[in-house]
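No value in this document is a laboratory result; all are computed from the given coordinates. These numbers come from a predicted model, not from an experiment. Ideal geometry is used to build each Cβ from the backbone, glycine not excepted, and the neighbour counts take in all protein chains shown.
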Amino acid sequence: MSEVRDTWRKPPFIASPLLRYGLYAAVAIYFVFTLVTLPIDWDRVADGMTRAQRIFSGAFPPSFERSGLLIDGFLESLKIAILATVGGIALSVPLAFMAASNISIKPIYFLGRGIIIVARSFHPVIVAIIFVKAVGFGPFAGALTLVVYSIGFVAKLLAERIEEIDFGQVEAMRAAGAGFIPTLAYAVMPQIMPRLVGLGIYQLDSNLRASAVVGIVGAGGIGATLANAFGRYDYDFALAITMVIVGVILVSEAVSGFVRKRIA
Amino acid sequence: MMSTQPLQNTLDHWSRFTLRQRLMRYGGLALTLLVVSWALSSIDVIWAWVWDAPSQMGDLFGRMMPPDPSNLPSILEAIWQTVNIATLATMIAVVVSLPVAYIAAQNTTPNKAALWVGRFILVSSRSVNTIIWALLFVAIFGPGIVAGIVAIMFRSIGFLGKLLGEAIEEIDRKPVEALEACGASRFKVVLYGIVPQVMPAFFAVAILRWDINLRESTVLGLVGAGGIGMILQGAIDTFNWPEVSMVLLTILALVVFGEVVSSYLRKKIL
Amino acid sequence: MLKISKLTKRYGSGDPVLKELDLTVEGDQLTSVIGSSGAGKSTLLRCINRLVEPTSGSVDLNGTEFTTLNRRELRAARRRIGMVFQSFNLIDRLTVMENVQSGRLGYISTWAALTRRYPRDDIRHAYELMERVGIAHYANKRADELSGGERQRVGVVRALMQRPEILLADEPTASLDPKTSEQIMSLLRDLASELKLPVIINIHNVTEAKEYSDRIVGMRYGRIIFDDLPAQLGKAEMDEIYAGVPAEDRAQVGAAA
């Protein structure tokens, strides 16, 4: 070596300096601009602090006086979650077959995928609002919402599992002269069954969580109880409900994790 | 699974499962049926409405057609607001979740007390849904985008912190050992030994959460916390169904856009 | 000079892995430690810089007693001991230069470490060493893009960047193919004499150990039972070192007690 090398720079992640600094500048400008243009009403925020204080002082200690309402709300959430899971899975299985590219034919495949995308795209709360308008307040709207929610998740993952199956078994069944439905029943179902059961248990857990939320817009369950308590400024009852929701979610997560581990 | 049955004398009988397995399967099935029939029989619905539901749905759908784009400018403005809520909240939450993840990971936490504080933050943030956070912050900050940003942020911290904490727990300890052997300080060990290892997970998790937040931001408006949900609520309240369907289409476009962008970023960065 | 005396290490309440072990290394000797798996070779090396905390005994490097240092003092003292690992222990996603400079982390400011603005002297030193071991052209490559032999060279340079007073190598060639393994061994031997650096190597491959070392130490079940020139290591000594399994050794000790 003739020259002495005593400087070194880490090669930048983006080689072109123009692009690199341009990107940094764009991010910085976006961040500053959106932050500055945020409609923050500082008086309102200051006012909000006293409100926050009122909410929190009103919330402590949590009140379990009306635990009857709380238990009813929860049982309703549980029923909604169970029915929606069963209904969702019943619809997800045919839909998953429709949306599996290795089983299905093209037009049916696109139809299946389209339904799944739409079911996945809308937040359950939006779906709930629409159903509440269509079929009225109450748990039925909640159950319909969570059926849609379940389809978006279960059918998508189930379709992916079907696409991964060992296709040799299907060919063997076809070679033995079996029809379409027996082929599915003997060559595909056994391969996807463990995944389906796992997804079902997972979805029951997610539906229970979601049912606590969709109730806020009128679709029944514990969410409705919570929204009512909040609306009537019963912050102590609202806190009690929230605490129970958190507790139930933790328990249901643990149970679902345990059961899935045992099955797998 | 081991079969505990004695070998049968005559081999003219075959069944896929042992007696115990079959009993467990039938038991599981019976239990499911029992639970479902309990739920069906006791749920508080008016069955007449249920049988009526398909025609009601069809009716509503009919009123939604065709979508009405006349209010598109304000819809697009609300969509832009929604994107901002999701993006700002994700950015802030990512920064806040870093120290939480650090103290909530078993191999980096300074002590047991910090570990439990970290876990408590993660669990309480994660267990309370965005909408419930939003209810609280609308009550505090008043209706508007700020409550939405804070709500999304509070919910995201738990998600990001949990996944980042898991990434920290899964790192390869060997480079860390090497740096400790060099006599580097704790902070520098983290900087050189841990940060580069969790970097990919960090970006992947942030992008994933941004995608989720985009969806969550669409409903904030329903409880008054800003974004496209406000317009949706307004249109529903005034029975302006063609506008409702227009808003729904825009939300669909937004979500698809979010998925395209996030999968592009994932590919670009990893 | 590294002087180890009466070093004992016991994990939990089990039998000690190192039993009142004495060892002195000085000059620019290359010392190989051999012995079957579980003999305590790796524990011995890690007790020297306290990556493993010794139970009792003393480790003295050029007048510094290591076993009594507090955390801050230990960090400063560790800078004087370079270490090379079996699986290289590089930071995969960083460049070779950053990996090499991480050997200097104990010396540079946090800001310099964060912004990767390393001192000029360190960069020059790094290029010299990388040139010496033949990896200078990889400075900007990510460590995980290199082959095994190249990665171990990065590991060696990182250790040498510390300007250590002694170099410890824990099975440095066990993850390498035979040819690369010999290259690394001869590199270590040459560096020992060029830099006047004592080197201690844990090694499984006895042939390599005999070929490249100035001195061979044989360990069996936490004790040194052979310590001499490579030429003195004959069949009988080998049998003695590698005979039996640790479990049997343990059983014998139990029977004697």
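Structure notes:
- Order of A:H123, C:H137, C:H204, C:H125 - criterion: other Cβ atoms within 10 Å of each residue's Cβ, fewest first: C:H137, C:H204, C:H125, A:H123
- Hull volume in cubic angstrom per residue (convex hull over the Cα atoms of region A:70-263): 111
- Other residues with beta-carbon under 13 Å from the beta-carbon of C:E182 carry, at +1 per Lys or Arg and -1 per Asp or Glu, a net charge of -1.
- Under 20 Å from the Cα of A:K10 - lysines, other chains or at least 8 residues apart: B:K188, B:K268, C:K141
- Chymotrypsin sites (Phe, Trp or Tyr not before Pro) within region C:1-85: DSSP coil, no more than 11 neighbouring Cβ in 10 Å: C:Y11
- Take each residue in A:239-246, count the other chain C-beta atoms within 10 Å of its C-beta, and the mean is 3.
- Going by neighbour counts of Cβ atoms within 10 Å, the residues C:E165, C:E211, B:E243 line up, fewest first, as C:E211, C:E165, B:E243.
- The DSSP beta bridges internal to the protein assembly as shown are antiparallel in roughly 55% of cases.
- Ratio Rg/Rh [Cα only; Rh per Kirkwood] for region A:41-121: 1.35
- Those residues of region C:145-165 whose amide nitrogen sits under 19 Å from the label point placed on C:E211, 7 Å along Cα→Cβ: C:148-150, C:152-153
- When peptides C:58-64, A:35-41 are ranked by their average number of other Cβ atoms within 10 Å per residue, the highest-first order is C:58-64, A:35-41.
- Mean partner shielding of peptide A:8-14, defined as the number of other chain Cβ atoms within 10 Å of each residue Cβ, is 5.
- When only alpha carbons are used to place a centre, region B:205-239 and region C:112-127 end up 49 Å from one another.
- The Cβ shell under 13 Å around C:T8 holds other residues with a net charge of +1, Lys and Arg each +1, Asp and Glu each -1.
- Cross-link partners for A:K156 among the lysines, with Cα-Cα distance under 23 Å and sequence neighbours closer than 8 places in the same chain left out: A:K106, A:K261, B:K267.
- Shielding by partners - mean other protein chain Cβ count within 10 Å, residues of B:29-37: 2
- Here region A:222-264 and region B:43-120 have alpha carbon centers that stand 17 Å from each other.
- Set of lysines near C:K6 by C-alpha distance (under 21 Å), chain-local residues within fewer than 8 positions excluded: C:K19, C:K41
- For peptides A:73-79, A:116-122, sequence by mean Cβ density within 10 Å, most packed first: A:73-79, A:116-122
- Cα centroid of region A:31-58 to Cα centroid of region C:1-80, whole Å: 60
- Largest first, the three principal axis extents of the alpha carbons in region B:75-269 are 69, 36, 19 Å in whole numbers.
- The protection proxy used here, the mean number of other Cβ atoms lying within 10 Å of each residue, ranks peptides C:75-83, A:43-51, B:167-175 as follows, highest first: C:75-83, B:167-175, A:43-51.
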